[in-house]
Amino acid sequence: MEQQSYFYQFIEPISKELALVARELENSIFSSPRTMLTHARIFVENILQQVIQVEQIPADPRANLKDQLDMLSDKGYLLKEIQDALHLIRQSGNQAAHNSRMFRFSEALLSWEALYKIVKWYVEVYGPVEITVPDYQDPSPIMEKRYDMSELEVRLKSLEDLLANSVQKLATETALQETAVSVEMPSKISEEVNPGFTPIRTLTFNGRQLEVPYFLRDAFLLPQRFEKSETFLIRLGAEQQARIMSELPSNLAGLHKHVKRYSEKNDELLFEELRTFIEEEKIRRNLSLERPGELFFYYKADHIVVTEELSKVPLTSGEFSGIPSLLRQLNEDQIESVGQLPKELVILAKYENVGIGTVEKLFEQLKKKANEKSAFVPEAEEPKQTSHKKWESLYINVKLGKGNTVIRGESVPALWKEGLNWIEDHHLPLHQLVEEGVVLGATDNGKRYAVALKPIHKDQRPFTQMHIYQSKITETTYYLETKINPKSGLETLAKLLTRLGVEVKIPLLESDN
């Protein structure tokens, strides 16, 4: 007997198209749970439409999946078990289409199991009698976690060198004493890391070092990603230098000599911006590994999860304000909806009369829409979420000594950055608190950080939406979690300031009570 290439191949005699959609759902369970959940809803809606046609029930073109489900249930066509399975798929699909949270494999598997009940019922009631529905079968995960051959060679060579060194030492020293020494390996090799993260090169500048991970060995150095070195990189690129990571010399000192009117200071600025670039790229790669199949928009160190609903938003002046020139040029290039935008949004600065400020305006509006879409809960029976009012401007009143100040921001990230700037301008001991991790909210009971040295929460989840703040005093990068509501943003900053001995008043929260 010929082995099935995918589970639902047996429904091809009923509908080849339905079978192929089921095949893609099966393939997406472990590659993109969100995709599977979203499109499983569409799959079962198609089945119900076919049932309505077969039963010759007058169809309402305005009816959605819930309307169709309720109508068939009221008329007695659906068993209770099938109703429950349909509701599970419908509700999970709605959440996946609107909510930017990470969806788990287990959720996709629950939907897959519910799908089986629906398909089995559909085939047995409406399909040809000669079709036999096989027993339920869990899909097989295709977990690709392999090192590229070149990266594997680097890891093996490093370990073999360590092994050879330990053998040589054992030949000249006491075996008992050296046994402990021989196991002291560099953590970057002895620890298992995700494929692509093995250091492949070391860049240096005036005694400072920067490790380049394998996945960035030939990364394109997009000049717009380097705010202080953008023109420098463009000029170097014209001389066929520094276009990709592998073109950079191991020692950046003297790189400026390839172009006129640049100095060693430009080499230093590029070196520091490369450090930020690599850290941002590591975060992005971890995001793609932890949230497989997701689509992200990136702007500098921040990102947005692109849901199906967000991707459908048209790029028009009615949806996005203050950027008419960019919208016009995008439309001229047939880029007419959010889902067609490039993942790296700084690329949009290439358009005529479009600067980085315009791109930032677009990003902030996209982020606002993403939060609105995520907070939106479709259909009345879904649990309602409490949301705090949106203020035109966020601010807090602070007093240190005899001086009174208002710290103000148009958004949570802007408020925090202004607050951290104020704290450092007054030389308050900020770094120690950030090193410990500032927990989000008015207390320390939560599991999410607002500000930390790494973009990882107490429960080991990565920051959902992130900004960075470069400390003026310690030159350390502080990571800010920006996927929060204004109330939490105000409360967290107030808590931080209070611990630093600053008197704080929040009129917005007082007036909200």
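Values in this text are rule-based calculations from the coordinates and carry no lab data. Predicted, not measured: the structure shown is a model, and the values here were computed from it. Cβ sites come from the backbone with ideal geometry, for glycine too, and all protein chains shown count toward neighbours.
How many percent of the alpha carbon pairs in segment 449-513 exceed a separation of 20 Å?
39
What number, in percent, do you get for the relative contact order of segment 225-346 if the mean sequence gap of Cα pairs under 8 Å and at least 6 apart is divided by its residue count?
After rounding, I find 20 percent.
Just the number, please: Stokes-Einstein D of segment 248-315 in µm²/s, Kirkwood Rh from C-alpha pairs, 4 °C, 1.567 mPa s.
Answer from the Stokes-Einstein relation: 87 µm²/s.
Per-residue counts of other Cβ atoms within 10 Å, averaged by peptide: what ranking do you get for 24-36, 102-114, 251-263, highest first?
Most protected by this proxy first, the peptides run 24-36, 102-114, 251-263.
Which pairs in the list Lys369/Lys472; Lys228/Lys257; Lys361/Lys417; Lys368/Lys399; Lys361/Lys505; Lys300/Lys367 are over 22 Å apart, alpha-carbon to alpha-carbon?
In this structure, Lys369/Lys472; Lys368/Lys399; Lys361/Lys505 exceed 22 Å between Cα atoms.
Between segment 234-289 and segment 297-335, how many Å separate their Cα centres?
Segment 234-289 and segment 297-335 have Cα centres separated by 29 Å.
Compactness ratio of segment 402-456: Cα Rg over 2.2 N^0.38 Å, N = residue count?
1.22
Counting other Cβ atoms within 10 Å of each Cβ, which GluC sites (Glu not before Pro) in segment 408-505 have at most 15 and sit in a DSSP loop?
Listed in order of number, the matching sites are Glu410, Glu475.
Modelling each spin label as a point 7 Å along the Cα-to-Cβ direction, I'd like the Thr476/Tyr6 distance in nm, to one decimal.
5.0
Using only C-alpha atoms and all pairs of different ones, pull out the Kirkwood radius for segment 34-104 in Å with one decimal.
12.7
Which trypsin sites (Lys or Arg not before Pro) does segment 394-492 hold that lie in a coil by DSSP with at most 11 other beta carbons within 10 Å?
The qualifying sites are Lys402, Lys447, Lys472.
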